[in-house]
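Below: the structure, in structure tokens.
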Amino acid sequence: MQPRNDKSARAVFLTGSVMGHVLVMTSTGAIGLVAIFVAELIDVLFLSLLGDVEVLAAIGYSGPLLFLTVSIAIGLSIATVSQVAPAIGVGDRARARRISGSVYAVTLVISAVLSLAMLPFLPWLLGLMGAKGRTAELAFGYLLIVVPSLPPLALAMVGSAVLRSVGDAQRAMHVTLGAAVVTVILDPILIFWMGWGLEGAAIATVVARLVIMLIAFDAVWRIHGLIEWPTMQGIRLDLRPLLAIALPAIATNAATPVANAIVTAAFGPYGDSAVAGWAVIGRVQPVAFGFVFAMSGSVGPIIGQNLGAGLYERMREAFSASLKVVALYTVLAWVVLAMAAPGLIGIFKLTGDGAKLLGLYCTWLAPVFGFQGSLFVANAVFNTLRRPHVATGINWARAILGTLPFTMVGGWALGAEGVLIGQLLGGFVFGSIAIWLAFRLMKEVAGDGRPMPRPGGLVGRWLRTPY
């Protein structure tokens, strides 16, 4: 199938303003992504109107496990960009179409197997985080509905990744925007009118995932013609390089829900109020910093196309421009959150430790998240430059070394508020390390990096390890 417009096949990121490409790709990506985060925030808002703190706590406990399934979809979409964008960059459209078909087939199998394999372990995982009694039962019921819907979510994200790889930021935005629209429409109907409460919110999520899967496939297949029917020969050609990126990327993204699970467990001893506050922060933060979250998916195609074309200076410029945008946006988001803090506490009916945590985050701790956002952008560099092991290593170091000791010391010194402070400080430390590693890696790939003196030689060999 040929695309309707030959312009869609061009490597659009090889010329023009790099900062302009970063802003356009990120802003369009952020619109759809923030729409999803807003829908999730409204989800929590509707559920808070039930006046049941155990329902909010159930969302808090289920969040890391749900994010674990989403990490699988994110990893597969990252692998898609790393393979399709360079193919577009060198003008090999036929290869891009074949890879796209292979990715769809592999994604369907992997996501279905992993989601079903996770179901028997849900009660144990919830208990490991400290969920008990009715709160644990509510969280299990919610996850039992949502987790099996991973395949349509993964296919939707892969389709969106193909669209971003070819530079169609607007249609990629439509995918995520569609999920938000469906969720916002169905939530009040299913939660209140049908009286299904938390289960109604879960069903709305499943329907939204099915809708965006269809939206993404329509754009990839009908508009761009960037998919061909997968064949065993094509899958054999594409499977190894795809999994070489996808598996480490899944492992990399799985580090975040593991870190969140550690933090959730650290809040557990302080009661459902603290866990509910953490659940609200987990929904407010992505909305406030949606632009930063979107950059990890937006910068990859820009770097990938310039990598494929050998334009290494533009590749480095894209990363530098991204960091500048992260810094500026973080300051703006902090100002808005600080002013909105009292209103947010009232809207979500938080009391006790939950209210203290949300107030502390919005007023003082929000800017620290900018360094964790920089880690997300660095991940895009590591994966697109085909050094996924670097992303995996730094993210798991943050998840364990940057979370466990920091939250333990923080909780010991300052209670529930100390847990939150420790979690963000760990992100600051490892976000800074990730920025340095990304710049070093780009020099290595470009071939103009100076040899790293010992004891840095070990790090240098690690950076140069081929995937």
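Things to note:
- Of all positions in region 122-134, at least one carries a residue that is in contact with an Asp or Glu (Cβ under 6 Å, 6 or more places away or on another chain) and farther than 30 Å from residue 299 by Cα.
- Where helices (runs of 4 or more DSSP H) fall wholly inside region 41-129, the ranges with 2 or more residues that are crowded, with 23+ Cβ neighbours inside 10 Å and at pLDDT below 85 are 53-89, 93-118.
- One residue stands out in region 424-458 among those that are touching a Leu at 6+ places or on another chain (Cβ under 8 Å) and of a type in the set (Val, Ile, Thr): the one that is modelled with the lowest pLDDT, namely 445.
Residues checked against (1) modelled with pLDDT of 90 or more; (2) surrounded by 16 or more Cβ atoms within 10 Å (Cβ to Cβ); (3) within 20 Å of residue 147 (Cα to Cα):
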site: 197; (1), (2), (3): no, yes, yes
site: 201; (1), (2), (3): yes, yes, yes
site: 219; (1), (2), (3): no, yes, no
site: 222; (1), (2), (3): no, no, no
site: 229; (1), (2), (3): no, no, no
site: 233; (1), (2), (3): no, no, no
site: 236; (1), (2), (3): no, no, no
site: 240; (1), (2), (3): no, no, no
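- Take the conditions (1) within 28 Å of residue 55 (Cβ to Cβ); (2) not in a helix (DSSP H, G or I); residue 386 misses just one of them, which is (1).
- For region 42-75, the candidate set comprises residues that are of a type in the set (A, V, I, L, M) and within 16 Å of the chain's Cα centre (by Cα); within that set, the residue that is farthest from residue 170 (Cα to Cα) is 65.
- Test: residue in region 29-36 that is in contact with a Phe, Trp or Tyr (Cβ under 8 Å, 6 or more places away or on another chain), surrounded by fewer than 23 Cβ atoms within 10 Å (Cβ to Cβ) and more than 30 Å from residue 235 (Cβ to Cβ): yes
The values are calculated or read from the model by the stated rules, or taken from the named source; none is laboratory data. As the structure is a prediction and not an experimental result, all values here were calculated from the model. Every residue, glycine as well, gets a Cβ built from its backbone with ideal geometry; the counts of neighbours run over all protein chains shown.
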